Amino acid sequence: MMLHIPGVLTREQVADMRRRLDESQWVDGRATVGTQGAKVKQNRQLPDTSPLGAELGQIVLQALANHPLFFSAALPLRISPPLFNCYAGGEHYGAHVDGSMRRIPGSAQWLRTDVSSTLFLCDPEEYDGGELIVTDQYGEHEVKLPAGDLILYPSTSIHRVQPVTRGARICSFFWTQSMVRDDMRRGMLLELDQNIQSLRARLGDSPEMVGLTGHYHNLLRQWSEV
Ligand code: NI
């Protein structure tokens with residue numbers, strides 16, 4: 001399942017982050033990938049240990065915690081500390097799959113990457129190229145979103161970032177270990193949840209609504225690994 005989640009950050013939050021990121025020092029993005037990724041990755045990132053990255057990452061995590069659609073779609077058990085990257089001057093990231101297991105920096109804990117997220121911090125008019133292309137069983141999907149919007153997609157998918165030929169593309173990205181490992185099950189739960197919410201808004205509560213809500217939670221109880 002791919003899902004566009006609008007307005008994760010407000011325009012003010014984006015502007016503040018951009019102001020601070022524009023003054024920061026970027027390093028070679030190959031620091032955070034394995035051998036296959038390193039061959040095709042050409043971009044820059046804030047260092048893993050950057051205090052600015054940690055501070056801005058907390059703002060992203062806080063915004064996600066307050067976002068019901070992100071919760072419903074990703075069913076997050078653990079979220080990796082958000083990272084920040086920059087592509088300019090032809091930089092790009094060739095076709096790759098995100099590593100399956102990542103160690104959470106500064107801890108002994110591992111995170112299984114089930115859901116990948118990219119949070120755009122630039123508007124599409126600010127740069128040319130830089131589309132995120134995600135391949136799934138239905139073909140290739142091109143993603144370039146307004147600043148503050150997020151795309152989430154299964155970490156199992158092959159994806160790439162097209163060369164940025166004008167301006168700069170600045171994003172935050174991170175991985176989620178979901179309570180529900182299987183992408184199809186997560187998609188079914190999201191659909192059920194959204195339909196229940198829409199029915200409840202239209203018809204109010206009723207014994208059937210309680211039954212459907214119970215069904216959602218019983219499925220989640222069956223499928224979750226916590
Ligand atoms: Ni990737």
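The values are calculated or read from the model by the stated rules, or taken from the named source; none is laboratory data. Everything quoted here is computed from the prediction, not taken from an experiment. In this analysis, Cβ positions are derived from the backbone assuming ideal geometry, glycine residues included, and neighbour counts consider all displayed protein chains. Just so you know, the surface numbers come from the protein's heavy atoms only, side chains and all, with ligands and any DNA or RNA stripped out. Shrake-Rupley method; radii C 1.70, N 1.55, O 1.52, S 1.80 Å.
Quick notes on this structure:
- Applying the set (1) over 18 Å from the mean Cα position of the chain (by Cα); (2) surrounded by fewer than 18 Cβ atoms within 10 Å (Cβ to Cβ); (3) not charged (D, E, K, R) to Phe71 leaves exactly one unmet item: (1).
- Per this entry, Arg102 is counted among residues that are in contact with a strand residue (DSSP E or B) (Cβ under 6 Å, 6 or more places away or on another chain), charged (D, E, K, R), open to solvent by 10 Å² or more (accessible area, probe 1.4 Å) and within 12 Å of the ligand (Cβ to nearest atom).
- If the condition is being in a loop (DSSP other than H, G, I, E, B) and out of contact with any Ser or Thr (no Cβ under 9 Å at 6 or more places or on another chain), then region 10-30 contributes Thr10, Glu23, Trp26.
- Set Glu91, Glu55, Glu131: member being within 16 Å of the ligand (Cβ to nearest atom) and without any contact (Cβ under 8 Å) to a residue 60 or more places away in the chain: Glu131
- Screening Thr156, Thr176 for residues that are closer than 26 Å to Ile104 by Cα and crowded, with 18+ Cβ neighbours inside 10 Å leaves exactly one candidate, Thr176.
- Check on Ser72, under 20 Å from Asp149 (Cβ atoms) and in a strand (DSSP E or B): no
- Hey, Leu64 more than 16 Å from the ligand (Cβ to nearest atom), in contact with a Phe, Trp or Tyr (Cβ under 6 Å, 6 or more places away or on another chain) and among the hydrophobic types (A, V, I, L, M, F, W, C) or not: yes
- Qualifying residues in region 27-45 (those that are of a type in the set (A, V, I, L, M) and more than 12 Å from His96 (Cβ to Cβ)) - the one nearest to the ligand (Cβ to nearest atom): Ala31
- One residue alone among Ala108, Ala95 is part of a loop (DSSP other than H, G, I, E, B), assigned by TED's automatic domain parsing to the domain that holds Asn43 and open to solvent by 50 Å² or more (accessible area, probe 1.4 Å), and that residue is Ala108.
- Residues considered: Leu46, Leu3, Leu21. Of these, the only one that is within 23 Å of Ala147 (Cβ to Cβ), touching a Leu at 6+ places or on another chain (Cβ under 8 Å), free of Cβ contacts under 8 Å to residues at least 40 places away in the same chain and open to solvent by less than 60 Å² (accessible area, probe 1.4 Å) is Leu46.
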